[in-house]
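Trainee: Below you'll find the structure I mean.
The values are calculated or read from the model by the stated rules, or taken from the named source; none is laboratory data. Quick caveat, the model's predicted, so the values are computed rather than measured. In this analysis, Cβ positions are derived from the backbone assuming ideal geometry, glycine residues included, and neighbour counts consider all displayed protein chains. Note: accessible area is taken over every heavy atom of the protein model, side chains too, but ligands, DNA and RNA are not part of it. Shrake-Rupley method; radii C 1.70, N 1.55, O 1.52, S 1.80 Å.
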Amino acid sequence: MTQLWQLSATQAAAMIRAKSVKPSEVVAAAIGRAQATNPALNAITIELYEEAMEAAAAADETVASGDAVGPLHGVPVTIKENVDVAGQPTTNGVSALAGVIATEDSPVVASLKRAGAIIIGRTNTPEFSMRATTDNPLRGPTHNPWDRDASPGGSSGGAGSACAAGMGPLHHGNDIAGSLRIPSFANGVATIKPTSTRVPRYNATAVAEGGALAQAMSVQGIITRHVSDIELATRVLIEPDPRDPLHVALPWDGPDLGAKPTVAFTTESAGYPIHPGIVELVERTVAMLADAGYEVVHADPPPVIDAARGWFSVASTEMKTTLDPVLRQVGSQDIIDIFDNYFALSELLDLDAYVKGLGDRTRILRQWNLFLDRYPLLITPFLMRPLYDLDYDTRGLDAVEDLLGAAIYSAGINFLGLPAGVMGLDLVEGRPAAVQIVGRRFREDLICQAMQAVEDRNGILCHRLWERESQSLGS
């Protein structure tokens with residue numbers, strides 16, 4: 001029997017509209033699950049349970065009165081600690097920012113609230129949201145519900161851990177190099193990194209605007225267990241907000257292609273020793289989409305290593321100018337050491353080379369656009385190795401180099417600003433693993449349709465986690 005905390009957002013919202021369950025019951029179930037699981041995981045770092053139950057009681061009254069309700073009315077959601085929630089701190093995982101209190105909601109929070117979602121807590125992020133794992137001196141480490149020693153991913157590791165553990169169906173996160181997709185890989189859940197400028201973004205607490213490339217790469221999104229919930233929530237998140245002048249207001253549904261799109265797949269690894277278990281997951285995804293009626297062909301895209309190198313030259317140079325000085329003033333020694341390793345492995349540019357590198361992004365993206373014009377979807381590896389330990393990126397230069405090499409399909413796709421989905425499929429060496437589906441610009445709808453076809457055939461990975469928990473309790 002499905003318990004209320006196990007419901008998808010789509011199921012919960014439909015049941016609330018049908019008056020078969022109350023918002024207060026759904027929210028109370030998510031809070032109860034969080035209270036049972038979060039002490040061991042430290043995924044939710046600021047509990048807003050009392051405020052959430054008050055909002056849920058008001059949501060009950062709205063339903064009872066027959067008033068119109070939004071698409072997420074009464075659905076629990078968590079918000080990462082690096083976007084503004086009015087009256088709450090925007091710490092970004094940094095102890096020195098613990099007293100920075102937001103006076104207004106960021107666009108994603110405002111959109112979720114307008115749609116009726118109820119915030120039950122804030123989720124953990126590493127310092128400055130710039131690590132592939134989640135730990136910081138202010139909140140401590142977040143643990144992976146599959147394996148306490150495994151990384152929950154980063155930087156939205158709190159969101160990914162909370163999602164897999166069942167602390168509600170919707171969990172906000174963001175992505176500038178992989179911060180939505182790495183936690184989804186790590187925790188066996190699902191996400192789509194939207195196209196750049198697809199979702200409005202703004203933090204009133206920010207002391208300065210981001211650099212040019214950061215603005216072109218950083219996106220807001222949602223982590224879920226069910227693919228249908230990605231579409232439900234992202235339709236809400238793409239609503240316009242005048243505070244983001246770069247936002248492109250387009251409908252969720254793109255032009256009808258007349259048939260299922262042709263899907264390409266690749267296991268090109270740019271010299272990284274890709275794990276055979278990851279190759280097998282790509283091949284399994286190919287078979288599932290073929291079974292769903294897609295034409296799937298092997299076709300290597302333009303070299304993703306070129307885009308990844310763009311990230312680790314242009315973006316690293318930008319971070320050296322914008323983020324590094326602040327990081328060295330208020331960051332921990334761990335984050336300083338990790339950034340020293342990032343920079344040691346990057347090509348830091350002078351002004352002329354930075355300008356040329358930023359301009360060359362258009363050339364690389366043009367090549368990918370032409371490829372995706374022929375093949376609207378592309379299956380790729382995501383992380384080309386099994387999931388790493390919680391502290392792996394603190395083990396020195398070799399470990400950081402390994403992570404960056406394994407993640408070229410993560411950073412490279414961010415450099416291009418293309419949409420990409422990741423969904424947990426199975427365990428590799430006992431830990432969750434996933435593949436990635438890249439799509440045309442602003443065609444998150446096509447990615448969702450393909451991911452749904454895979455989910456229909458593969459099932460939802462974290463249900464196996466819950467079964468394991470239930471068997472353990474039963475024994």
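Trainee: With the checklist (1) under 18 Å from TYR202 (Cα atoms); (2) surrounded by fewer than 19 Cβ atoms within 10 Å (Cβ to Cβ); (3) in contact (Cβ under 8 Å) with a residue 60 or more places away in the chain in hand, flag the one item ALA86 doesn't pass.
Mentor: (3)
Trainee: Do you know which residues across segment 11-35 are buried (at least 20 other Cβ atoms within 10 Å of the Cβ) and under 28 Å from HIS143 (Cβ atoms)?
Mentor: Answer for segment 11-35, where residues must be buried (at least 20 other Cβ atoms within 10 Å of the Cβ) and under 28 Å from HIS143 (Cβ atoms): ALA12, VAL26, VAL27, ALA29, ALA30, ILE31, ARG33, ALA34.
Trainee: Let me confirm something: among THR197, THR267, THR191, which residue is touching a residue at least 40 places away in the same chain (Cβ under 8 Å), open to solvent by 10 Å² or more (accessible area, probe 1.4 Å) and under 19 Å from the mean Cα position of the chain (by Cα)? Break it down into steps so the answer makes sense when it comes.
Mentor: On the way: THR267 fails: under 19 Å from the mean Cα position of the chain (by Cα); THR191 fails: open to solvent by 10 Å² or more (accessible area, probe 1.4 Å).
Result: THR197 is the single residue among THR197, THR267, THR191 that is touching a residue at least 40 places away in the same chain (Cβ under 8 Å), open to solvent by 10 Å² or more (accessible area, probe 1.4 Å) and under 19 Å from the mean Cα position of the chain (by Cα).
Trainee: Another question, if that's okay. Every residue in segment 1-47 that is among the β-branched types (Val, Ile, Thr), in contact with a strand residue (DSSP E or B) (Cβ under 6 Å, 6 or more places away or on another chain) and farther than 19 Å from PRO145 by Cα, please.
Mentor: Scanning segment 1-47 gives a single hit, VAL27.
Trainee: How about segment 150-232: which helices (runs of 4 or more DSSP H) wholly inside it have at least 2 residues that are farther than 24 Å from TRP466 by Cα?
Mentor: Numbers: elements: 157-165, 181-187, 212-217.
Qualifying helices (runs of 4 or more DSSP H): 212-217.
Trainee: Run down ALA117, ALA132 and say which single residue is touching a Leu at 6+ places or on another chain (Cβ under 8 Å), farther than 22 Å from ALA407 by Cα and of a type in the set (Gly, Ala, Ser).
Mentor: ALA117
Trainee: While we're here: Kindly indicate which of ASP398, ASP373 is under 20 Å from PRO255 (Cβ atoms), open to solvent by 20 Å² or more (accessible area, probe 1.4 Å), part of a helix (DSSP H, G or I) and charged (D, E, K, R).
Mentor: Unique residue meeting the criteria: ASP373.
Trainee: May I ask you to say which residue of ALA453, ALA406, ALA433, ALA411 is in contact with a strand residue (DSSP E or B) (Cβ under 7 Å, 6 or more places away or on another chain) and of a type in the set (Gly, Ala, Ser)?
Mentor: From the options ALA453, ALA406, ALA433, ALA411, the qualifying one is ALA433.
Trainee: Next question, about the same structure. Which members of segment 329-342 meet the condition of being assigned to a helix (DSSP H, G or I), of a type outside the set (A, V, I, L, M) and open to solvent by 20 Å² or more (accessible area, probe 1.4 Å)?
Mentor: Of everything in segment 329-342, those that are assigned to a helix (DSSP H, G or I), of a type outside the set (A, V, I, L, M) and open to solvent by 20 Å² or more (accessible area, probe 1.4 Å) turn out to be GLN329, GLN333, ASP334, ASP337, ASP340, ASN341, TYR342.
Trainee: Please pick out the residue among GLU455, GLU469 that is at pLDDT below 95, in a helix (DSSP H, G or I) and not basic (Lys, Arg).
Mentor: Step by step, each of GLU455, GLU469 is checked, and only GLU469 is at pLDDT below 95, in a helix (DSSP H, G or I) and not basic (Lys, Arg).
Trainee: Looking at segment 314-327, is at least one residue farther than 26 Å from PHE442 by Cα, loosely packed, with under 13 Cβ neighbours inside 10 Å and without any contact (Cβ under 8 Å) to a residue 24 or more places away in the chain?
Mentor: The answer is yes; a qualifying residue exists.
Trainee: Still on this structure: When the residues of segment 200-227 are narrowed to those that are open to solvent by 10 Å² or more (accessible area, probe 1.4 Å) and among the β-branched types (Val, Ile, Thr), which ends up nearest to VAL422 (Cα to Cα)?
Mentor: THR205
Trainee: Going by the conditions given, is ALA40 in contact with a Lys or Arg (Cβ under 8 Å, 6 or more places away or on another chain), in a helix (DSSP H, G or I), open to solvent by 40 Å² or more (accessible area, probe 1.4 Å) and at pLDDT 95 or above?
Mentor: Yes, satisfied.
Trainee: Working only within segment 98-144, note down all residues that are assigned to a strand (DSSP E or B) and either among the hydrophobic types (A, V, I, L, M, F, W, C) or closer than 20 Å to ALA233 by Cβ (or both).
Mentor: ILE101, ILE118, ILE119, ILE120, GLY121, ARG122, THR123
Trainee: Continuing with the same structure: Exactly one condition in (1) over 27 Å from ARG361 (Cα atoms); (2) assigned to a loop (DSSP other than H, G, I, E, B); (3) without any contact (Cβ under 8 Å) to a residue 60 or more places away in the chain is not met by LEU246; state its number.
Mentor: (1)
Okay, residues lined up against (1) closer than 19 Å to THR195 by Cβ; (2) surrounded by 23 or more Cβ atoms within 10 Å (Cβ to Cβ):
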{"position": "ALA411", "(1), (2)": "yes, no"}
{"position": "PHE415", "(1), (2)": "yes, yes"}
{"position": "MET423", "(1), (2)": "yes, yes"}
{"position": "ALA434", "(1), (2)": "no, yes"}
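Trainee: Let me spell it out: the conditions are (1) farther than 28 Å from GLY459 by Cα; (2) surrounded by 14 or more Cβ atoms within 10 Å (Cβ to Cβ), and THR262 meets all of them except one. Which number is the exception?
Mentor: (1)
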